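Engineer: Structure incoming, see below.
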Amino acid sequence: MATVLITGGTGMIGKHLTKMLIGNGYEVIILSRKSGVVSREGAISFAKWDVENQTIGKEAIAKADYIIHLAGAGVADKRWSVQRKKLIVDSRTQSSACIVKALKEIPNHVKAVVSASAIGWYGPDTTESLLTGFKENAKADTAYLGNTCKLWEESIEPVTALQKRLVKLRIGIVFSNDGGALAEFKKPLHAGVATIMGSGKQIVSWIHIDDLCRMFIHAIEHDEMIGAYNAVATNPVTNKQLIISLAKQMCGRVFIPVTVPAFVLKIMLGEMSIEVLKSASVNNDKIRSTGFDFLYPTVEAAFEDLIKNKTE
């Protein structure tokens, strides 16, 4: 039974991925600031790490067959102050450095590292990207999120010099019943209001939480996968299409579409509004070429599963 070491294992993606890994027969070690806790399932254990002091429990590194790196402060959790922006970058690059240091110093048999990244790597849509979608060979955007993703990916890259296979999944907007963007989209719909952001024409590249977690496992199990892959569903949609589709699932025909002007979003969100209003069409041909099939290729299928077939 292979063992997967996870950073950020208590977050939205990490919790879902842990359950899926266990269901697929893996043992999971979650890195935590606390240690010594073993779950009831028996297949989950916790190991101590200290990013500030750049240390990870030796036993955890020695036992791991794979590392999945999810750690990082939430990009949309708080308004982007200077301090918050620094924390978002540092939490990713310093945790990556901690992994690299541990793999250098501690004898191990880790075969691969699969690291989260984000489609924030890409800038606003161009004439070409609207036709073909951004592909993995596109240069990082020079704006804040693009630079953050570039630093994030560069910080984990040194594991390749240690003969570790590295996969970087550039994750789109994740739809989950356990938080994230979907929870925010649903709030006004509980009152029957479908809130469309700005023009509503901006393209949203998204992914269902189940498909994302399946993709992490796919990356572990396919040795030919190396480098960056876009973790987005096959059919990106406009913000308006997304919200109306969600409204139909939640409210049937009884809802009121309301547009929130761009200037209001800028007042409410500050610099973060740039990302809310940005159109980014992202191509997933590369991950599909590895044999990965999406369970939820359309927002309709995703919302059918998340809204109608599951209770919260």
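Engineer: Consider LYS186 carefully, then state whether it is modelled with pLDDT of 95 or more and not aliphatic (A, V, I, L, M).
Structural biologist: Values: modelled with pLDDT of 95 or more: no; not aliphatic (A, V, I, L, M): yes.
Criteria not met by LYS186.
Engineer: Sticking with this one: Tell me, yes or no, whether the stretch 117-128 has at least one residue that is at positive phi and either surrounded by fewer than 23 Cβ atoms within 10 Å (Cβ to Cβ) or not hydroxyl-bearing (Ser, Thr, Tyr) (or both).
Structural biologist: Checked the stretch 117-128: no residue is at positive phi and either surrounded by fewer than 23 Cβ atoms within 10 Å (Cβ to Cβ) or not hydroxyl-bearing (Ser, Thr, Tyr) (or both).
Engineer: Checking the condition polar (S, T, N, Q) and either crowded, with 23+ Cβ neighbours inside 10 Å or in contact with a helix residue (DSSP H, G or I) (Cβ under 7 Å, 6 or more places away or on another chain) (or both), which residue from ASN108, ASN147 passes?
Structural biologist: Result of the check over ASN108, ASN147: ASN108.
Engineer: Check the stretch 190-203 and report whether any residue there is of a type outside the set (Lys, Arg), part of a helix (DSSP H, G or I) and touching a helix residue (DSSP H, G or I) at 6+ places or on another chain (Cβ under 9 Å).
Structural biologist: First, pick out the residues of the stretch 190-203 that are of a type outside the set (Lys, Arg): 190-200, 202-203.
Subset that is part of a helix (DSSP H, G or I): 190-191.
Pick out the ones that are also touching a helix residue (DSSP H, G or I) at 6+ places or on another chain (Cβ under 9 Å) and you get 190.
Yes - at least one qualifying residue is present in the stretch 190-203.
Engineer: Which of the residues that make up the stretch 79-138 are in contact with a strand residue (DSSP E or B) (Cβ under 7 Å, 6 or more places away or on another chain) and among the hydrophobic types (A, V, I, L, M, F, W, C)?
Structural biologist: Passing the criteria: CYS98, ILE99, ALA102, VAL110, ALA112, VAL113, VAL114, ALA116, ALA118, ILE119, TRP121, PHE134.
Engineer: Residue by residue through the stretch 80-139, note down the ones that are of a type in the set (Lys, Arg), out of contact with any Gly (no Cβ under 6 Å at 6 or more places or on another chain) and touching a residue at least 12 places away in the same chain (Cβ under 8 Å).
Structural biologist: Once the filter is applied, which keeps residues that are of a type in the set (Lys, Arg), out of contact with any Gly (no Cβ under 6 Å at 6 or more places or on another chain) and touching a residue at least 12 places away in the same chain (Cβ under 8 Å), the stretch 80-139 yields LYS85, LYS101, LYS104, LYS111, LYS135.
Engineer: Answer with yes or no whether GLY227 is modelled with pLDDT of 95 or more and on the phi > 0 side of the Ramachandran plot.
Structural biologist: Details: modelled with pLDDT of 95 or more: yes; on the phi > 0 side of the Ramachandran plot: yes.
For GLY227, the condition - modelled with pLDDT of 95 or more and on the phi > 0 side of the Ramachandran plot - is met.
Engineer: Suppose we filter the stretch 160-170 for residues that are closer than 17 Å to GLY146 by Cβ and either in contact with a Gly (Cβ under 9 Å, 6 or more places away or on another chain) or outside any strand (DSSP E or B) (or both); how many remain?
Structural biologist: Matching residues across the stretch 160-170 total 2.
Engineer: Just the residues that are at pLDDT below 95 and over 22 Å from PHE292 (Cβ atoms), please, taken from the stretch 160-180.
Structural biologist: Within the stretch 160-180, ASN177, ASP178, GLY179 qualify.
Engineer: How many of the residues in the stretch 171-189 are buried (at least 18 other Cβ atoms within 10 Å of the Cβ), among the aliphatic types (A, V, I, L, M) and part of a helix (DSSP H, G or I)?
Structural biologist: Of the residues in that region, 2 qualify.
The values are calculated or read from the model by the stated rules, or taken from the named source; none is laboratory data. This is a predicted model, so every value here is computed, not measured. Neighbour counts run over all protein chains shown; Cβ positions are idealised from the backbone, glycine included.
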